[in-house]
Amino acid sequence: MNNKESCFVSAVVYVHNAGNRIAGFLGTLIKVLDQNFENSEIICVNDASDDGSVDVIKKLSSEIDSVCITIVNTGCFHGLELAMNAGVDISIGDFVFEFDSTVMDYDESMIMKIYEHALTGFDIVSASPNRKAKLSSRLFYSLFESNTSVSYKLSTESFRILSRRAINRIESMIKTIPYRKAAYIASGMKLDTLKYDVRPAEREKKNRKESDYRFGLAVDTLILFTEVGFRFSIFMTTVMIVISLTMIIYTLLIFLLGNPIEGWTTTLLFLSVAFFGLFGILTIIIKYLQIIVDMVFKRKHYIIESIEKLTK
C-alpha cells in the first residue's frame, strides 16, 4: 500500500460490441490499477452493444472487489465522442484515463508511463501507436492542421490521461464536445503524446454505423474547429466573382462590337451583376456565422496555459 499512488484515478472505457476481448482488457486494466493506485474506478460506457458485452463485464465485476466498476448504458448508438463524454461526466478521479478502444496493442506498462509523464507537468498525455495512420486519417489531420493556428500535431491515439484541471477547463469552455481531441488542443492546457511500439492484437471490426458516424464527425469537426468552410466559400466566391466580371466585360464587348439580339445584353448584365452581389453577400453571411461559432462554441477570447507568481 505504501508504494501505491494516493490520488484517485478513473478509467473510462468505450465498449461497443467488444464481448470477445473486453474480459482480457479489463483484467489487465484492473491489475495495473490495483497494483499502482490506492483508489480507482472503471467506468464502462456501453454504447448500445448487442453481443453480450455487458454480461461479460458484470461477470468479471462479481469476481473482483479491488476496483469499483460502473456500467453506463446508452439508450441508442451515440458514437465514441458522446459516449466518452457521458463517462467522463460521472468520473470523480483526480486523473481520468480515456480508453477509446478495448484493443490493447500496447504493453500494459504504457498505462503507467503516460501517468508518470503527466506528473512532470502535462495536463493531457496521449498514447499513440508508432505506425503509419490510415489514408483517411492522414487526410483529415492534414486538413485540420492546415486550417488552424495550433502547432500540435494530431495523430491516431489509443488512450490518454487527463488531469481534473483539464477536464474542468474544457467543460467550462464547451458543454457539448463533438470531437474531444480538437477541444483538448483548443483548451490551451499543456499536452504531449508518447509513441509506443505496436504489439500483435486483434483489430477492431468497424461496422457501417461506426463508419458513417466517423465520417460525419470528421465533417462536423472541420466546420466547427477550423476555417475550412470559410476558406472554401472565399475560394468559390472569388471564382464566381471572376466569372461574373468576365461575363460583364464579354457582354459589353458584344454590345459595342457585335450585333446582339434585343434584350440579350440587359439579361446577361443583370444575371452577372446579380451573381456578383449574391456571392458577395453569402461571403459576408458565412463570415458572420464563423464569428458566432467562435464566440459561442469554439473557445474563449483568451487562453491561459499556466500562471507563475514570482516573489522576492
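The values are calculated or read from the model by the stated rules, or taken from the named source; none is laboratory data. Please read all numbers here as calculations on a predicted model, not as lab measurements. We place every Cβ from the backbone using ideal geometry, glycine too, and count neighbours over all the protein chains shown. Remember, those area values only see protein heavy atoms, side chains included, never the ligands or the DNA or RNA. Shrake-Rupley method; radii C 1.70, N 1.55, O 1.52, S 1.80 Å.
Restricting the stretch 171-183 to residues that are open to solvent by less than 10 Å² (accessible area, probe 1.4 Å) and aliphatic (A, V, I, L, M), which is modelled with the lowest pLDDT? Reasoning before the result, please.
Pass one, the stretch 171-183, residues open to solvent by less than 10 Å² (accessible area, probe 1.4 Å): 174, 180, 182-183.
Adding the requirement that they be aliphatic (A, V, I, L, M) leaves 174, 182-183.
On the way: I174: 63, A182: 77, A183: 79.
Checking each candidate, the answer is I174.
Listed here are the residues, each with its yes/no results for (1) modelled with pLDDT under 90; (2) more than 26 Å from S49 (Cα to Cα); (3) not acidic (D, E).
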residue	(1), (2), (3)
D105	no, no, no
E108	no, no, no
K113	no, yes, yes
E116	no, yes, no
D123	no, yes, no
S151	yes, yes, yes
T156	yes, no, yes
I161	no, no, yes
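Only one of these is out of contact with any strand residue (DSSP E or B) (no Cβ under 7 Å at 6 or more places or on another chain), under 30 Å from M189 (Cα atoms), loosely packed, with under 14 Cβ neighbours inside 10 Å and modelled with pLDDT under 75: I286, I307. Name it.
On the way: I286 fails: loosely packed, with under 14 Cβ neighbours inside 10 Å.
None of the other options fit; the residue is I307.
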Quick check on S6: is it open to solvent by 10 Å² or more (accessible area, probe 1.4 Å), among the small types (G, A, S) and either touching a strand residue (DSSP E or B) at 6+ places or on another chain (Cβ under 8 Å) or assigned to a loop (DSSP other than H, G, I, E, B) (or both)?
yes
Matching residues, the stretch 132-170, being part of a helix (DSSP H, G or I), open to solvent by less than 70 Å² (accessible area, probe 1.4 Å) and under 22 Å from F8 (Cα atoms):
R164, A166, I167, R169, I170
Only unsatisfied item for D107, checking (1) charged (D, E, K, R); (2) in a loop (DSSP other than H, G, I, E, B); (3) closer than 23 Å to Y179 by Cβ; (4) touching a residue at least 12 places away in the same chain (Cβ under 8 Å), is (3)
Quick one: how many residues across the stretch 74-103 are at negative phi, of a type outside the set (S, T, Y), modelled with pLDDT under 90 and not in a helix (DSSP H, G or I)?
4
Test set (1) of a type in the set (D, E, K, R); (2) free of Cβ contacts under 8 Å to residues at least 24 places away in the same chain; (3) within 21 Å of I90 (Cα to Cα) - E63 fails condition number
(3)
In the stretch 38-90, how many are open to solvent by 70 Å² or more (accessible area, probe 1.4 Å) and of a type in the set (G, A, S)?
2
